[in-house]
Amino acid sequence: MIIDGKKIAEEVVVELGESLVGRTLGVVMNEGDAATESFVKIKERIAQRLGVVLQRFSPAQLQEAIACDGALVQLPIENADALLAQIPAEKDVDNLPMAPVAAAVLEILKRSDVSLSGKKAVVVGEGRLVGKPTAIMLREQGAEVHIVSLEQGSLEMLKDADVVVSGAGSPGLIKPEMVKEGVILIDAGTSESAGKLVGDCDPRCADVARIFTPVPGGVGPVAVAMLFKNLAILTKK
């Protein structure tokens, strides 16, 4: 099964309905970066559909962003740790109730009728956006979780994994022969190769996987939708 992330994202947006009309979302970002601009424009399109007023702010305007109903820091950005530390938990749509990518992975698995209890899961990469929050989510769902970084550990353990989530940002890192038949393969790593957006998984992995998320069009759209679902939960509280 190749996951249609755009379809799932659309379902989440429809479910949110008019719950966010008039709410505000502050995005702290660096202007002039092409990748950042692309990611923010995707958020702006969803915000417009939901009636959310998305406002852009520079790092120097962080307090103005925090004054919105929800706030996020668009990475990469200088002094990211310092900026993130200043966002109150009740405004942080990138972390509560769950980091959007981790929430997207869980949403995809739930809609695919996958139970994680007792499954052996391997997370590739230890980043703040994918690896760390996804590992926490998988453990909370009852999976046995192992984290592998490109600097430490071996990809050999992928061969025994029931579930693999990759967020390494290394094009074509995972090949079909590295995973077992019937694996649940969630590709949450994105990078550019030859001017195209690509994932960590060789597309041929779809031939051996029970469930496979492509890049683009897999986890990414769902993660954006889950960010707005986070905003809805936080504002409801």
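The values are calculated or read from the model by the stated rules, or taken from the named source; none is laboratory data. Remember, predicted model here, so these are calculated numbers, not experimental data. Please note: Cβ atoms are built from the backbone with ideal geometry, for glycine as well, and neighbour counts cover all protein chains shown.
Within segment 36-53, the residues that satisfy the criterion of being without any contact (Cβ under 8 Å) to a residue 12 or more places away in the chain and closer than 27 Å to Val198 by Cβ are Glu37, Ser38, Lys41, Glu44, Arg45. Scanning segment 56-70 for residues that are touching a residue at least 12 places away in the same chain (Cβ under 8 Å), aliphatic (A, V, I, L, M) and surrounded by fewer than 21 Cβ atoms within 10 Å (Cβ to Cβ) turns up Leu62, Ile66, Ala67. Note on segment 195-215: among residues that are within 15 Å of Ala35 (Cα to Cα) and surrounded by fewer than 15 Cβ atoms within 10 Å (Cβ to Cβ), the one that is farthest from the chain's Cα centre (by Cα) is Gly195. Every test in (1) buried (at least 16 other Cβ atoms within 10 Å of the Cβ); (2) within 23 Å of Pro214 (Cβ to Cβ) is passed by Glu181 save one, and that test is (1). For the condition aliphatic (A, V, I, L, M) and more than 22 Å from the chain's Cα centre (by Cα), Ala60 qualifies. The residues of segment 71-91 that are of a type outside the set (A, V, I, L, M, F, W, C), in contact with a strand residue (DSSP E or B) (Cβ under 8 Å, 6 or more places away or on another chain) and without any contact (Cβ under 8 Å) to a residue 60 or more places away in the chain amount to a single one, Gln74. Being outside any loop (DSSP other than H, G, I, E, B) and surrounded by fewer than 20 Cβ atoms within 10 Å (Cβ to Cβ) is the filter here; which residues of segment 184-194 pass it? The answer is Ser191, Glu192, Ser193. Looking at Val28, Val53, Val73, Val40, just one residue is β-branched (Val, Ile, Thr), modelled with pLDDT of 95 or more and either surrounded by fewer than 18 Cβ atoms within 10 Å (Cβ to Cβ) or within 21 Å of Val13 (Cβ to Cβ) (or both), and that residue is Val53. I need a count of the residues in segment 195-237 that are part of a helix (DSSP H, G or I), among the β-branched types (Val, Ile, Thr) and within 24 Å of Leu185 (Cβ to Cβ). Number of matching residues: 3. Out of everything in segment 85-129 that is of a type in the set (D, E, K, R), within 20 Å of Ala65 (Cβ to Cβ) and surrounded by fewer than 18 Cβ atoms within 10 Å (Cβ to Cβ), what residue ends up being modelled with the lowest pLDDT? Ranking the candidates gives Arg128 first.
Okay, residues lined up against (1) in contact with a Lys or Arg (Cβ under 7 Å, 6 or more places away or on another chain); (2) without any contact (Cβ under 8 Å) to a residue 60 or more places away in the chain; (3) among the hydrophobic types (A, V, I, L, M, F, W, C):
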{"site": "Val101", "(1), (2), (3)": "no, no, yes"}
{"site": "Val105", "(1), (2), (3)": "no, no, yes"}
{"site": "Gly118", "(1), (2), (3)": "no, yes, no"}
{"site": "Lys132", "(1), (2), (3)": "no, yes, no"}
{"site": "Val145", "(1), (2), (3)": "yes, yes, yes"}
{"site": "Leu155", "(1), (2), (3)": "no, yes, yes"}
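I'm checking my understanding of the structure. Among residues of segment 130-144 that are at pLDDT 95 or above and of a type in the set (Val, Ile, Thr), which one is surrounded by the fewest Cβ atoms within 10 Å (Cβ to Cβ)? My answer is Ile136.
Considered as a group, the residues in segment 125-179 that are part of a strand (DSSP E or B) and closer than 23 Å to Leu84 by Cβ include one that is nearest to the chain's Cα centre (by Cα), and that residue is Val165. Taken over segment 1-46, residues that are in contact with a Ser or Thr (Cβ under 9 Å, 6 or more places away or on another chain) and polar (S, T, N, Q) amount to 2.
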